[in-house]
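For reference, the structure is listed below as structure tokens.
The values are calculated or read from the model by the stated rules, or taken from the named source; none is laboratory data. What you see is a predicted model; the values in this text were computed from it and never measured. Glycine gets a Cβ as well: all are built from the backbone with ideal geometry, and neighbour counts include every protein chain shown. In case anyone asks, the SASA skips ligands and DNA or RNA and just uses the protein heavy atoms, side chains included. Shrake-Rupley method; radii C 1.70, N 1.55, O 1.52, S 1.80 Å.
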Amino acid sequence: MSDLETLPLARWSGVEHRPLVIGGPCSAESEAQVLESAARLKGVRVDYFRAGIWKARTRPANFEGIGDAALPWLRHAGLQYGMRTATEVATPAHVEAALKHGIDLLWIGARTTVNPFSVQEIADALRGVNVPVLVKNPTSPDMGLWVGAIERIYRAGVRALGVIHRGFSVAGVRRYRNAPMWELAIELRRLHPSLPIITDPSHITGRRDHVMEIAQRAMDLGLDGLMIEAHPNPDQAWSDAAQQVTPERLGEILALLKIRRETSPDAEYLASLEVLRDRIDHLDHDILELLSRRMRVVEEIGEYKRANNVATLQVSRWSALLADRLAQAEHLGLTQEYARAIYEIIHRESVRRQSEVMSEEPAAASPRSSPND
Ligand code: PEP
Ligand code: MN
């Protein structure tokens, strides 16, 4: 689908400043807790007051939300403290109940975005309804699922549409509960530049002490908004206790954020940036030229191995090459992780190319006398 003709964020939210802020507890737990959250958020610039009513929990023993009974609490808290309200919907019945209670913004949770059947049912329930909808990224780093869910909601006629970037489940030891994988948010911006992106540092980090750094990173990338969980007594929260901050801390985080401009009108800034970008362009052209020359040598080695009936892969050579390049990278001020990632791609493509060469018919009947390197 070519670019979506969605409404600009400011049009449907009335919020002209960056970031748009969605704040409030992970879950509505009691009427008192919802009201206290809202009361203490009143002084904080929160544009939409959130609370989870139906909680898609990974395990059945976890708190699964109060359900419909909590909708009036959310509504009253919003009216009493002058904030619009937002909640997660996962079924057509949730959509219907949330709209009946005047909830102002709906989002689709990460565990729902992974399922096109569920997303389609929600999309059908949203047809002809005028409510902003935000689509959280799926739990797995699958761009197709995310874009597919956005398209389903868009095709149902929703134009006040945006996304929430809440990180991705990936295997292995990691700093955050969900890997931010900013490159996916950036790719979505490239594919659909008009779609507002709200980052959710609470679900990315899983830890309140890391929320600020992710919020700042989102602002540095020029993303549009933040969804941050705030609870009157975070340690006692019935869900996601470790990641929730107090309403007062949310206020501090927002006050501490450095908001970057998209650009500067300053002529000197623009001229210097142009010069620096020109240098990057030249360096990138050199990198590609070198990669192409390297690949020609790889092909030549492939032909030589084929002529001498030798396998493409010599693991000892690959280990020695990688160790050498990692050491050089470190010496040049590049991280080993970065160099390893680059060399793994280079090597994989080299092996693939040599395997192709191996399967081609030899150009000449006799083996070549020597390779050129
Ligand atoms: C939430 O926002 O409370 C939530 C459950 O988030 P996610 O869908 O990102 O896990
Ligand atoms: Mn939560």
Worksheet item: Under a Cβ-Cβ cut-off of 15 Å, what is the net charge of the residues other than residue 232 that fall near it, where Lys and Arg count +1 and Asp and Glu count -1?
Response: -2
Worksheet item: Of the beta bridges DSSP finds with both residues in the chain, what % are antiparallel, to the nearest 5?
Response: 5 percent
Discussion item. Loop-only GluC sites (Glu not before Pro) in the stretch 195-291, please: DSSP not H, G, I, E or B, and at most 14 other Cβ atoms within 10 Å.
Written reply: 262
Item to complete: With only Lys, Arg, Asp and Glu charged, each at its Cβ (+1 for the first two, -1 for the last two), find how big the charge dipole of the chain is about the Cα centre; round to the nearest 20 debye.
Response: 620 debye
Practice prompt. Sticking with the crude label model, points 7 Å out along Cα→Cβ, report the distance from residue 271 to residue 259 in nm, one decimal please.
Written response: 3.1 nm
Fill in: Positive-pole candidate from 313, 179, 221, dipole of the chain, charges at beta carbon
179
Worksheet item: Ordering 58, 335 from largest to smallest accessible area (1.4 angstrom probe), what's the sequence?
Response: 58, 335
Practice prompt. Report the local net charge at residue 210: Lys and Arg +1, Asp and Glu -1, summed over other residues whose C-beta lies under 11 Å from its C-beta.
Written response: +3
Item to complete: Would you mind getting me the FRET efficiency between residue 278 and residue 299? Use the beta-carbon distance for r and R0 = 41 Å, nearest 0.05.
Response: 0.80
Discussion item. Whole percent per 10 Å bin, from 0 to the bin with the longest distance: what is P(r) over all C-alpha pairs of the stretch 1-139?
Written reply: 12, 41, 37, 10, 1
Item to complete: DSSP loop (so not H, G, I, E, B), at most 12 other Cβ within 10 Å: list which GluC sites (Glu not before Pro) in the stretch 14-51 pass both filters.
Response: 16
Discussion item. If you average 1/r across every pair of different Cα atoms in the stretch 103-167 and take the reciprocal, what Kirkwood value do you get, in Å?
Written reply: 11.4 Å
Worksheet entry | Calculated diffusion of the stretch 192-318, Stokes-Einstein form, Kirkwood radius summed over Cα pairs, 4 °C and 1.567 mPa s, µm²/s | 65 µm²/s
Discussion item. In the stretch 185-210, whose amide N lies under 11 Å from the spot 7 Å out along Cα-to-Cβ of residue 143? List them in ranges.
Written reply: 185-192
Worksheet item: Among 322, 287, 275, which residue has its Cα positioned farthest towards the positive end of the charge dipole of the chain, with +1 placed on the Cβ of Lys and Arg, -1 on the Cβ of Asp and Glu, and the dipole taken about the Cα centre?
Response: 322
Worksheet item: Sorted by accessible area (1.4 Å probe), largest first, how do 340, 50, 306 line up?
Response: 340, 306, 50
Item to complete: Under 12 Å from the Cβ of residue 152, count the other residues' Cβ atoms, weight Lys and Arg +1, Asp and Glu -1, and hand me the total.
Response: -1
Discussion item. For the stretch 114-131 and the stretch 15-48, what is the centre-to-centre distance using only Cα atoms, to the nearest Å?
Written reply: 26 Å
Practice prompt. Would you list which lysines come within 28 Å of residue 100, measuring only between C-alpha atoms, while excluding same-chain residues fewer than 8 positions from it?
Written response: 42, 55, 136
Worksheet entry | Computed over the chain, Cα set: Rg, Dmax in Å | 26.0, 88
Discussion item. Run lengths n ≥ 4 of DSSP H only: what is the helix-derived mean residue ellipticity at 222 nm for the chain, with -39500 (n - 2.57) per run over all residues, to the nearest 500?
Written reply: -15500 deg cm²/dmol
